[in-house]
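Enquirer: Sharing a structure with you now.
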Amino acid sequence: MTREEYLLTCALEEAVEVAQRISKALRFGLLEVQPCQSLSNRMRIRQELINLIAVLEMVDPNIVVVNPDELDAKKVKVEHYLMKALGG
């Protein structure tokens, strides 16, 4: 296994952990704190995103450099489809 393959595998695992935390937030809310935990689902999502970004930066330092316009374009697209989904 190469370094890149290893890091991409780690990134995949981190992405799955982000998905798991989002699933928990959907079921129990962003503010829920699981028993024996100190962080809310919101903070745990943030933590997992940081882990994912860190590993992706190890793969390629430029991979997570995001232009704010790219973020805004995605937000507009999501809002558009959200309105359609909500019947608006």
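Enquirer: Cβ-Cβ distance below 7 Å, separation of 6 or more or different chains: which pairs start in the stretch 54-67 with a residue that is within 12 Å of E4 (Cβ to Cβ) and touching a residue at least 24 places away in the same chain (Cβ under 8 Å) and end on one that is open to solvent by 90 Å² or more (accessible area, probe 1.4 Å) and not small (G, A, S)?
Expert: Pairs found: V59/E4.
Enquirer: While we're looking at this one, here's another question. Restricting the search to the stretch 43-88, which residues are within 19 Å of E14 (Cα to Cα) and among the acidic types (D, E)?
Expert: E48, E57, D60, listed by residue number.
Enquirer: Considering the stretch 41-57 alone, what residues qualify as being of a type in the set (A, V, I, L, M, F, W, C) and open to solvent by 60 Å² or more (accessible area, probe 1.4 Å)?
Expert: M43, L49, I50, I53
Enquirer: Of all the residues that make up the stretch 3-20, how many are open to solvent by less than 40 Å² (accessible area, probe 1.4 Å) and more than 23 Å from S40 (Cα to Cα)?
Expert: Residues in the stretch 3-20 being open to solvent by less than 40 Å² (accessible area, probe 1.4 Å) and more than 23 Å from S40 (Cα to Cα): 2 in total.
Enquirer: Is it fair to say S38 is among the small types (G, A, S), outside any helix (DSSP H, G or I) and either modelled with pLDDT of 95 or more or open to solvent by 80 Å² or more (accessible area, probe 1.4 Å) (or both)?
Expert: Yes.
Enquirer: Further question: Return a yes/no flag: does the stretch 58-68 have any residue that is at pLDDT below 95, in a helix (DSSP H, G or I) and surrounded by fewer than 11 Cβ atoms within 10 Å (Cβ to Cβ).
Expert: There is at least one residue in the stretch 58-68 that is at pLDDT below 95, in a helix (DSSP H, G or I) and surrounded by fewer than 11 Cβ atoms within 10 Å (Cβ to Cβ).
Enquirer: State yes or no: is S23 open to solvent by 90 Å² or more (accessible area, probe 1.4 Å) and either of a type in the set (S, T, Y) or in contact with a Pro (Cβ under 8 Å, 6 or more places away or on another chain) (or both)?
Expert: Answer is no for this residue.
The values are calculated or read from the model by the stated rules, or taken from the named source; none is laboratory data. Only a predicted model underlies this, so the values are computations on that prediction, with no experimental measurement involved. Quick reminder, even Gly has a Cβ in these numbers, built from the backbone with ideal geometry, and neighbours come from all protein chains shown. The protein model used for the area step is the full one, side chains on, heavy atoms only, and it has no ligands, DNA or RNA in it. Shrake-Rupley method; radii C 1.70, N 1.55, O 1.52, S 1.80 Å.
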